[in-house]
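Chemist: My questions all concern the structure below.
The values are calculated or read from the model by the stated rules, or taken from the named source; none is laboratory data. This structure is a prediction, so every number in the text was calculated from the model and none was measured. Cβ: placed from backbone, ideal geometry, glycine included. Neighbour counts: every protein chain shown. Accessible surface is based on the protein model in full, side chains and every heavy atom, while ligands, DNA and RNA are left aside. Shrake-Rupley method; radii C 1.70, N 1.55, O 1.52, S 1.80 Å.
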Amino acid sequence: MTLAERARRVIPGGVNSGQRSIPGFTDLVIARTRGSRFWDQHGREFTDYHAAFGPAVLGHNDPDVAAATAEAGTTLALAGVGVTEAEVALAEELTALVPSLEKVLLTSTGSEATFHALRVARAATGRDLVVKFQGCYHGWHDAVSLNVISAPERVGTKDPTSTGILAPVLDATLVLPFNDPEAVRRVFAEHGRDIAAVILEPVPHNVGALLPTDTFLRTLREECTKAGTVLVFDEVITGFRHGLGGYQEICGITPDLTTLGKAIANGAPIGALGGRADLMDLFSTRPGGPAFFAGTYNGHPQVVAAALATLRKLREEPVHEHIYRLGARARDGLAALYRELDVPAVVTGFGSVFVTYFMDGPAPLTYDDLLANDAARFIGVRRALTDHGIFELPLNLKRSHVSYAHTDDDIDRLLEATAKAVRTVLAEGTPTDLAHTSTMGGAQR
Ligand code: PMP
């Protein structure tokens, strides 16, 4: 029996997180990771642009992060009482770096951070409703597991990503199109006094990359301020990957609360929730307080050491300069390639993130725009890329990432391999199991 078969006998679906089991790659067993590469159990090497959905901004097993983690492990285990010097240092650093952060709490995952953001927003306002946007993913929990990427005709309908979610939770979640300031004004005109929070990925990377318009972000800030609604930027992907101050520093709009995760610690399990001190102070240290917050593993010494080492490297080395440059090279090179091959394609992204939608331009602004993407070709090209040792996740609308460990040679190889993969798909057509692939359905990661 293969390892993947053994996995399916004892692990539901054979994997430990949704969307790790990929059609066509259900027997993938990862044996080793290093820098820009991973290897499977058969020794096949892949240059990895999936990057575990984004955390590995420095590359897998960064030696400095690994050393800091190991050292912390020899001196300090989780005591689960009081605070450590490293936790204080990390909180000081996070609050100094990210504009909206006056105070910050650590979690183990991004989902916990978004859960607590909504909980404290409801505690602060005494209101129930939460507004989220099509194309944005904020975690697995009930409060945001609604209409992750609904089709336009299903906006406003109850379309949970899972059964088992209580109806009142679904009722309290309103879903709007991204980049639509009019829709924002309308929802506030109608429900303003009942909206506790607006939550968004400032760049919805869970559907590749929708770049926010300035008017949209400004409208959100204005309407939330007027209505006393808590504006939450979910920067679990954008934070630290796009810059030390997150996307909020880049766009110049400061939310009330920010959720962080992924790239903070280059892959160690950590999330964070921070923001206005008056909101964060509602988290009491006692059960029954205005908002309760806890977690056995929060602030785990090794994970905090990984975060401090990652942030140090992001500050002291030209990481962002490097990943932005390679990201731009990938986007420019791919756009030129598709022009040359006369394949309709929109190559977009931001900084180190790139994605090619197989559709005519201009760059998409809303999830509806993405319905024009040829999903079968999107997945077909990525499947073909694996034959050339390149791994971009072969699922529709997934983004790809460049890390500090990727090199110019890697980008050259990406461009050469993509040319070959696209020619194969053009010559052979997309596999029949992809012919009816919809852009709909399935949670984003
Ligand atoms: N927010 C965003 C924007 C995410 O992309 C994710 C995970 N992909 C989460 C929250 C949830 O984070 P986690 O998987 O660490 O719970």
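Chemist: Consider segment 65-86. How many of its residues are touching a residue at least 40 places away in the same chain (Cβ under 8 Å), over 17 Å from Arg241 (Cα atoms) and either under 24 Å from the mean Cα position of the chain (by Cα) or not in a helix (DSSP H, G or I) (or both)?
Modeler: Summing the residues that are touching a residue at least 40 places away in the same chain (Cβ under 8 Å), over 17 Å from Arg241 (Cα atoms) and either under 24 Å from the mean Cα position of the chain (by Cα) or not in a helix (DSSP H, G or I) (or both) in segment 65-86 gives 7.
Chemist: Also, I was wondering about something else. Got a sec? Which of Gly43, Gly110 is out of contact with any His (no Cβ under 7 Å at 6 or more places or on another chain) and surrounded by fewer than 16 Cβ atoms within 10 Å (Cβ to Cβ)?
Modeler: Matching residue, one of Gly43, Gly110: Gly43.
Chemist: Could I ask something else about it? Let me confirm something: among Arg122, Arg20, which residue is surrounded by fewer than 20 Cβ atoms within 10 Å (Cβ to Cβ), at pLDDT below 95, charged (D, E, K, R) and within 25 Å of Thr238 (Cβ to Cβ)?
Modeler: The match here is Arg20.
Chemist: How many residues are at pLDDT 95 or above, open to solvent by less than 30 Å² (accessible area, probe 1.4 Å) and not in a loop (DSSP other than H, G, I, E, B) when one looks only at segment 348-374?
Modeler: Summing the residues that are at pLDDT 95 or above, open to solvent by less than 30 Å² (accessible area, probe 1.4 Å) and not in a loop (DSSP other than H, G, I, E, B) in segment 348-374 gives 7.
Chemist: Separate question: Among the residues of segment 287-301, is there at least one that is within 14 Å of the ligand (Cβ to nearest atom), touching a helix residue (DSSP H, G or I) at 6+ places or on another chain (Cβ under 6 Å) and either of a type in the set (A, V, I, L, M, F, W, C) or part of a helix (DSSP H, G or I) (or both)?
Modeler: As a first pass, look at segment 287-301 and keep what is within 14 Å of the ligand (Cβ to nearest atom): 295, 297-298.
Next cut, touching a helix residue (DSSP H, G or I) at 6+ places or on another chain (Cβ under 6 Å) only: none.
Scanning segment 287-301, I find no residue that is within 14 Å of the ligand (Cβ to nearest atom), touching a helix residue (DSSP H, G or I) at 6+ places or on another chain (Cβ under 6 Å) and either of a type in the set (A, V, I, L, M, F, W, C) or part of a helix (DSSP H, G or I) (or both), so the answer is no.
Chemist: A follow-up question, please. When segment 244-269 is examined, which residues are found to be in contact with a strand residue (DSSP E or B) (Cβ under 9 Å, 6 or more places away or on another chain), among the aliphatic types (A, V, I, L, M) and open to solvent by 10 Å² or more (accessible area, probe 1.4 Å)?
Modeler: Ile250
Chemist: Quick check on Phe25: is it in contact (Cβ under 8 Å) with a residue 24 or more places away in the chain and either assigned to a helix (DSSP H, G or I) or touching an Asp or Glu at 6+ places or on another chain (Cβ under 9 Å) (or both)?
Modeler: No.
Chemist: Pick from segment 30-54 the residues that are small (Gly, Ala, Ser) and over 22 Å from Glu317 (Cα atoms): which of them is farthest from the ligand (Cβ to nearest atom)?
Modeler: Residue satisfying both the conditions and the ranking: Gly43.
Chemist: Residues to consider are Glu201, Glu223; find the one that is among the acidic types (Asp, Glu), crowded, with 21+ Cβ neighbours inside 10 Å, in contact (Cβ under 8 Å) with a residue 12 or more places away in the chain and touching a helix residue (DSSP H, G or I) at 6+ places or on another chain (Cβ under 6 Å).
Modeler: Working: Glu201 fails: touching a helix residue (DSSP H, G or I) at 6+ places or on another chain (Cβ under 6 Å).
It is Glu223.
Chemist: Turning to a different aspect of this structure: Quick one: which of Val98, Val57 is more than 20 Å from Gly299 (Cα to Cα), within 16 Å of the ligand (Cβ to nearest atom) and in contact with a Ser or Thr (Cβ under 7 Å, 6 or more places away or on another chain)?
Modeler: Result: Val57 is the single residue among Val98, Val57 that is more than 20 Å from Gly299 (Cα to Cα), within 16 Å of the ligand (Cβ to nearest atom) and in contact with a Ser or Thr (Cβ under 7 Å, 6 or more places away or on another chain).
Chemist: Also, I was wondering about something else. Would you confirm, using the coordinates I've provided, whether Val104 is open to solvent by 10 Å² or more (accessible area, probe 1.4 Å), in a strand (DSSP E or B) and on the phi < 0 side of the Ramachandran plot? Give the derivation first.
Modeler: Values: open to solvent by 10 Å² or more (accessible area, probe 1.4 Å): yes; in a strand (DSSP E or B): yes; on the phi < 0 side of the Ramachandran plot: yes.
For Val104, the condition - open to solvent by 10 Å² or more (accessible area, probe 1.4 Å), in a strand (DSSP E or B) and on the phi < 0 side of the Ramachandran plot - is met.
Chemist: I need a count of the residues in segment 125-140 that are over 19 Å from Ile253 (Cα atoms) and either surrounded by 23 or more Cβ atoms within 10 Å (Cβ to Cβ) or within 16 Å of the ligand (Cβ to nearest atom) (or both).
Modeler: Final tally of qualifying residues: 7.
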